[in-house]
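The values are calculated or read from the model by the stated rules, or taken from the named source; none is laboratory data. This one's a predicted model, so the numbers in the text were calculated from it and none came from an experiment. We place every Cβ from the backbone using ideal geometry, glycine too, and count neighbours over all the protein chains shown.
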Amino acid sequence: MQKLGEKELDEAVAKLPEWQLEDGKLLRDFEFADFVAAIAFVNKIADVAESAGHHPDIDVRYNKVRLGLVTHDAGGITAKDVEMAGRLSHSVN
């Protein structure tokens, strides 16, 4: 899989307004009422990621969860990451 060019990345982020580009990754932050709710969210998206065979980087800080998507093998963001961002966004709405 090939990493996306600058124009393709800009188009992808425009379609995923909750996500942002930072440090070569697609990132999205979530905030929950407490730690238990944050972990329940992580468990929910784990099922989505596992079924897709593409797993986000997950950072949990008490009630805050940050998801990061990048295709490490390609050295950057690919169409697979953009697709996964859309799936994850859809699964939480």
Restricted to segment 9-41, and to residues that are part of a helix (DSSP H, G or I), free of Cβ contacts under 8 Å to residues at least 24 places away in the same chain and over 13 Å from S89 (Cα atoms), which residue is farthest from the chain's Cα centre (by Cα)?
V36
Determine whether segment 18-31 contains at least one residue that is of a type in the set (G, A, S), modelled with pLDDT under 95 and either on the phi < 0 side of the Ramachandran plot or touching a helix residue (DSSP H, G or I) at 6+ places or on another chain (Cβ under 8 Å) (or both).
no
In segment 61-91, what count of residues is obtained for those that are touching a residue at least 24 places away in the same chain (Cβ under 8 Å), farther than 21 Å from D10 by Cα and loosely packed, with under 14 Cβ neighbours inside 10 Å?
4
Going through segment 42-55 one residue at a time, which ones are surrounded by 11 or more Cβ atoms within 10 Å (Cβ to Cβ) and either of a type in the set (S, T, Y) or in contact (Cβ under 8 Å) with a residue 24 or more places away in the chain (or both)?
K44, I45, V48, A49, A52, H54
For the structure I just gave you, tell me whether K80 is under 18 Å from E18 (Cβ atoms) and basic (K, R).
no
